[in-house]
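Worksheet: the structure to be examined is printed underneath.
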Amino acid sequence: MAIMKLFNNNPYFKYILGTIIFMIIVFIDLQIGLFASRTVNLLIRVVYFSIVAIGFNILLGYAGQISLGHAAFMGFGAYLTAFISNNFGLGFLPTIILSGLIPMIFGIVLGLVALRLERLYLAIATLGIGVTIEFVFREWVWFTNGFSGARLSRPEIFGFAFNNSRHFLLLATFILFLVVLFTYNLIRSKTGRALSAMRDSNHAAQAMGISLLKYKLIAFALSAFYVGLAGSLYAYAERYVHPSTWGAELSLDMLAMVVIGGLASIGGSITGAGFLVLVPRLVQDLPVIGGITNINFILTGLAMILVIRFMPIGIYNWFDYKVIQPFYYKMLNFDDPGGDD
Amino acid sequence: MHWQIFLQNVFGGIETGSLYALAALGVVLIYRVSDVTNFAQGEMAMFSTFVTYTIWVYSANAGFPYPYVAAFIGALIFSAIFGFLVERVFIRPTSDSSLLGKMIVTLGLILIVNGSAGAIFGTDSYYMRRAISGHIRVGNMIIRPHSFFVIGLAIVIMLVLFYMIKFTMFGVAIRATAQNDKVAKLMGVPTKKVTAFTWIMATMMGAIAGLMIAPATNVYTGMMADVHLKSFIAAVLGGFTSFVGPVVGGLMIGILDNLVGYYISTNWQTVIVYGFLIIILIFKPYGLFGEIPKKKV
């Protein structure tokens with residue numbers, strides 16, 4: 001009961017608790033080697049894709065704008081990280097922040113395009129822009145090293161080198177935690193409310209004095225920042241950046257993460273990222289059918305369709321409405337469980 | 001002769017462009033009638049082409065006199081069944097979900113179709129013959145009869161489609177469903193049948209586009225990726241609300257692609273062509289022939 005109250009009274013509590021539990025598990029693993037290193041790498045993927053999904057959710061779930069070109073920003077962030085750390089030798093923190101800020105400027109440019117287009121036209125136009133940038137990555141050898149790919153060394157903060165991928169997982173989780181806190185406060189700020197108003201009705205938002213120009217650009221800039229930051233973490237985690245990673249498939253995966261996890265929800269973003277990273281791998285380990293060629297793709301596709309069929313509001317949101325909130329009502333006899341994310 | 005090279009590039013552009021147009025028309029038909037942005041159109045066409053290739057190889061080995069004709073007919077029959085099944089199994093049960101939800105269904109479909117193709121046919125790439133082999137030399141130009149076949153076939157299909165949409169009762173039903181499916185249903189239009197039939201038609205058009213592009217790309221699981229993307233961009237460039245727009249968009253992309261590739265740079269070809277098209281879209285946000293929607297507050 002006391003814990004229930006804490007959950008309800010302190011909005012950060014569930015995030016803090018989740019992060020601490022996850023970090024303790026990783027820490028125990030660090031001591032006794034619980035997971036295979038493959039699992040650790042998968043978890044790192046989940047963490048940086050969670051940041052991607054949160055950024056994409058700000059754009060799609062909160063601001064109601066679509067982009068199918070965001071893989072380009074992730075690639076840009078990853079290449080910037082490789083470029084900056086190889087050529088200027090900046091440390092980890094300035095590098096990842098720069099790798100978020102520079103894509104942010106390009107995000108504003110994309111936002112300017114989005115001012116003219118909407119819905120499906122915006123989706124396909126941004127898909128085209130994303131593919132265009134993917135081709136730029138291939139051909140602009142000076143910056144990206146072309147098809148040979150860009151390499152970089154392990155990250156280092158204040159002299160501590162992250163040689164163990166478990167250490168890096170802890171670091172990435174902490175960054176995700178900061179991103180979650182920032183996002184939680186952002187969507188409850190004036191900016192966040194303005195974004196949601198814009199999503200629900202352009203005209204009504206304008207009538208209330210919300211500048212569509214300003215907030216569309218903010219939505220694109222923020223999401224590009226998040227995605228670029230995640231790209232930077234990708235570069236540090238994989239230490240190899242190849243141009244064919246940043247195509248339309250990745251952008252469509254981002255869309256799938258957000259819709260499957262749950263639109264306009266932080267928990268949904270993380271759930272969706274986990275779904276798209278983990279389901280294909282878990283399926284491979286199934287007995288009997290796991291050995292069939294490509295069964296992971298086929299079953300992941302099937303799972304995506306089933307989620308849309310039976311949980312159209314997304315896995316996390318569905319659990320929130322059908323399981324968690326009724327549980328709150330029963331335990332606390334509250335009229336309203338509060339918390340609207 | 002310089003103009004001959006120019007003409008040859010334009011002609012080649014019309015050939016590939018008409019295939020983009022066919023695929024784009026399939027995408028637009030499905031979008032108009034069932035509100036689904038079918039990202040799996042290309043993968044479905046790839047699967048149909050693999051089946052066609054298999055029929056071609058088997059009937060040639062069995063000593064059938066016209067293996068290509070058999071394969072072509074087989075492609076039409078298979079893609080019709082395939083389109084019907086996809087609509088019935090995956091699209092109809094999810095027809096109540098949001099626009100985004102429907103997009104995700106087709107993304108799932110990509111994984112299923114591509115994964116099955118890899119599992120059934122393998123990841124190798126296979127040679128597919130042209131409908132008509134050989135080439136004719138006109139001055140410095142080399143022209144393949146296959147190109148005439150492709151363009152002619154595309155024109156015939158488009159004319160049949162336009163005639164059907166414009167002048168037959170079934171076309172009226174399609175347009176009614178596209179405009180407002182609820183009202184259409186109330187007026188006695190069998191919207192479910194119309195949707196199923198559009199999926200069948202679109203899948204068949206995709207299969208034909210796949211079969212015609214196969215000699216140039218070979219038959220493999222990624223063969224349609226480029227065509228598919230270009231068909232989407234053609235549809236947006238022409239305007240999703242018109243049936244003429246995608247054809248013009250497809251031809252524009254085909255011709256531009258060839259000219260930029262020949263005269264400017266093959267490496268930066270895609271970047272320049274897409275960049276140009278996106279600039280057009282910024283000035284014409286609903287496509288060249290698209291209707292500007294009237295907004296309600």
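Every number in this text was worked out from the coordinates using simple rules, so none of it is lab data. All values derive from a computational prediction rather than experimental measurement. In this analysis, Cβ positions are derived from the backbone assuming ideal geometry, glycine residues included, and neighbour counts consider all displayed protein chains.
If you stretched the chain out fully between A:Arg309 and A:Phe88, how much longer would it get, using 0.36 nm times the residue separation minus the C-alpha to C-alpha distance? Intermediate values should be presented prior to the final figure.
Details: separation 221, 0.36 × 221 = 79.56 nm, distance 5.00 nm.
Full extension of this stretch gives 74.6 nm more.
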Residues other than A:Leu169 with Cβ under 15 Å of its Cβ, Lys/Arg counted +1 and Asp/Glu -1, net out at +3
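Taking every residue in B:110-120, how many Cβ atoms of other protein chains lie within 10 Å of its Cβ, on average? Present the calculation step by step, with values, prior to reporting the outcome.
Numbers: counts 5, 14, 9, 3, 4, 12, 6, 2, 4, 6, 2.
Whole-number average of other-chain Cβ neighbours for B:110-120 is 6.
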Reach of A:Lys216 by Cα under 15 Å, taken over aspartates and glutamates that are not fewer than 8 positions away in the same chain
A:Glu118, A:Asp200
Furthest towards positive pole of dipole, A:Thr245, A:Phe137, A:Gly100, structure part region A:16-254, Cβ charges
A:Gly100
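Is there a simple number for the mean count of other chain Cβ atoms within 10 Å of the Cβ of residues in B:84-90, and what is it? Please report the intermediate quantities before stating the final value.
On the way: counts 0, 0, 0, 0, 0, 1, 5.
Partner Cβ neighbours, averaged per residue: 1.
By average Cβ neighbour count within 10 Å, what is the ranking of A:27-33, B:82-88 from highest down?
On the way: A:27-33: 11.3, B:82-88: 19.4.
Per-residue Cβ counts within 10 Å, averaged per peptide and sorted highest first, yield B:82-88, A:27-33.
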Average other protein chain Cβ within 10 Å of Cβ, residues B:269-275
5
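Over all distinct Cα pairs, what is the inverse of the mean 1/r for the protein assembly as shown, reported as the Kirkwood hydrodynamic radius in Å? Could the numbers behind the result be given before it?
Numbers: mean 1/r = 0.0383 Å⁻¹.
Evaluated over the protein assembly as shown, this radius sits at 26.1 Å.
Near A:Gly75, within a Cβ-to-Cβ distance under 14 Å, what is the net charge of the other residues, with Lys and Arg +1 and Asp and Glu -1?
Values: positive: A:Arg138; negative: A:Glu134, A:Glu139, A:Glu238, A:Glu249, A:Asp253.
Taking every other residue near A:Gly75 into account, the sum is -4.
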Do the alpha carbons of any pairs in B:Lys230/B:Lys284; B:Lys166/B:Lys230; A:Lys190/A:Lys214 sit beyond 20 Å of each other, and which pairs?
B:Lys166/B:Lys230
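I'd like the trypsin sites (Lys or Arg not before Pro) in region B:200-297 restricted to DSSP loop residues with at most 14 other Cβ atoms within 10 Å, sorted by number.
Numbers: sites: B:Lys230, B:Lys294, B:Lys295, B:Lys296; in loops: B:Lys294, B:Lys295, B:Lys296.
Answer by residue number: B:Lys294, B:Lys295, B:Lys296.
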Which residues does the label zone of B:Ala62 cover in region B:69-91, counting backbone N under 14 Å from a point 7 Å along Cα→Cβ?
B:69-75
Within the set A:Gly228, A:Gly75, A:Gly192, GNM on chain A using Cα springs under 10 Å gives the largest fluctuation to A:Gly192
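Once the piece of chain linking A:Arg239 and A:Val109 is laid out straight, how much longer is it, given 0.36 nm per residue of separation minus the C-alpha distance between them?
On the way: separation 130, 0.36 × 130 = 46.80 nm, distance 2.86 nm.
Contour length minus Cα-Cα distance gives 43.9 nm.
Please report, ordered by residue number, every helix of chain A (full DSSP H runs) that is 27 Å or longer along its axis going by C-alpha atoms and whose mean Kyte-Doolittle hydropathy reaches -1.0. Let's see the in-between values first.
Values: long enough: A:13-32 (28 Å, 2.01); A:37-57 (29 Å, 1.20); A:92-116 (38 Å, 2.10); A:119-139 (30 Å, 1.10); A:165-187 (32 Å, 1.84); A:212-238 (38 Å, 1.07); A:266-284 (28 Å, 1.31).
Result, helices passing both filters: A:13-32, A:37-57, A:92-116, A:119-139, A:165-187, A:212-238, A:266-284.
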Enumerate by residue number the chymotrypsin sites (Phe, Trp or Tyr not before Pro) in region B:109-203 meeting two conditions: DSSP loop (anything except H, G, I, E, B), and at most 16 other Cβ atoms within 10 Å of the site's Cβ.
B:Tyr127
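Determine by what factor the alpha-carbon radius of gyration of region A:16-254 differs from 2.2 N^0.38 Å, reporting the quotient. Working shown, then result.
On the way: Rg = 18.3 Å, N = 239, 2.2 N^0.38 = 17.6 Å.
Against the empirical 2.2 N^0.38 Å value, I get 1.04 for region A:16-254.
Where Rh is the Kirkwood radius over the Cα pairs of region A:27-134, the temperature 25 °C and the viscosity 0.890 mPa s, what D in µm²/s does Stokes-Einstein return?
On the way: Rh = 15.8 Å.
Approximately 155 µm²/s, per Stokes-Einstein.
If you rank A:Ile266, A:Ile108, A:Ile295 by fewest surrounding Cβ atoms within 10 Å, what's the result?
A:Ile108, A:Ile295, A:Ile266
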Can you return the aspartates and glutamates within cross-link range of B:Lys182? Criterion is Cα-Cα under 17 Å, with same-chain partners fewer than 8 residues away left out.
B:Asp35, B:Asp96
Farthest towards the positive end of the dipole of the protein assembly as shown, among B:Thr203, B:Gly254, B:Ala184 and with Cβ unit charges of +1 on Lys and Arg and -1 on Asp and Glu, lies the Cα of B:Ala184
Project the alpha carbons of region A:184-294 onto their principal axes and report the range along each, largest first, in whole Å.
59, 30, 25
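If you filter region A:64-102 for chymotrypsin sites (Phe, Trp or Tyr not before Pro), then keep DSSP loop positions with at most 12 other Cβ within 10 Å, what is left?
Working: sites: A:Phe73, A:Phe76, A:Tyr79, A:Phe83, A:Phe88, A:Phe92; in loops: A:Phe88.
Counting only loop positions with at most 12 other Cβ atoms within 10 Å, the chymotrypsin sites (Phe, Trp or Tyr not before Pro) in region A:64-102 are A:Phe88.
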When only alpha-carbon atoms count, how far does region B:17-224 stretch along each of its three principal axes, as whole angstroms with the largest first?
57, 40, 32
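Given the peptides A:276-284, B:29-37, A:318-326, arrange them by the average over their residues of other C-beta atoms within 10 Å, most packed first. Walk me through the numbers on the way to the answer.
Working: A:276-284: 17.0, B:29-37: 22.8, A:318-326: 14.1.
Top to bottom by mean Cβ count within 10 Å: B:29-37, A:276-284, A:318-326.
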